[in-house]
1. On the basis of being buried (at least 17 other Cβ atoms within 10 Å of the Cβ) and farther than 17 Å from residue 71 by Cβ, does residue 59 make the cut?
2. Hey, does the stretch 5-28 have a residue that's touching a residue at least 40 places away in the same chain (Cβ under 8 Å), out of contact with any helix residue (DSSP H, G or I) (no Cβ under 8 Å at 6 or more places or on another chain), surrounded by fewer than 17 Cβ atoms within 10 Å (Cβ to Cβ) and more than 20 Å from residue 52 (Cβ to Cβ)?
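FYI, it's all coordinate maths here, none of it is from the lab. Keep in mind that what you see is a predicted model, and the values were worked out from it rather than measured. Ideal geometry is used to build each Cβ from the backbone, glycine not excepted, and the neighbour counts take in all protein chains shown.
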């Protein structure tokens, strides 16, 4: 199964968390589709549920639990 680079996920989601936001799956997918992100990143974000994500660490934990991170 292809997996997304954590560095790419940080590039996508990091600015939202830096602004104090708690994005959800749809927020992240919107950025992924409009930005220069790979299909692996889009698939990783698409694996999330719709609940808001409070921190970047929590995002990493959720993606790791689903086995969609390469590193």
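1. For residue 59, the condition - buried (at least 17 other Cβ atoms within 10 Å of the Cβ) and farther than 17 Å from residue 71 by Cβ - is not met.
2. Yes, the stretch 5-28 contains at least one residue that is touching a residue at least 40 places away in the same chain (Cβ under 8 Å), out of contact with any helix residue (DSSP H, G or I) (no Cβ under 8 Å at 6 or more places or on another chain), surrounded by fewer than 17 Cβ atoms within 10 Å (Cβ to Cβ) and more than 20 Å from residue 52 (Cβ to Cβ).
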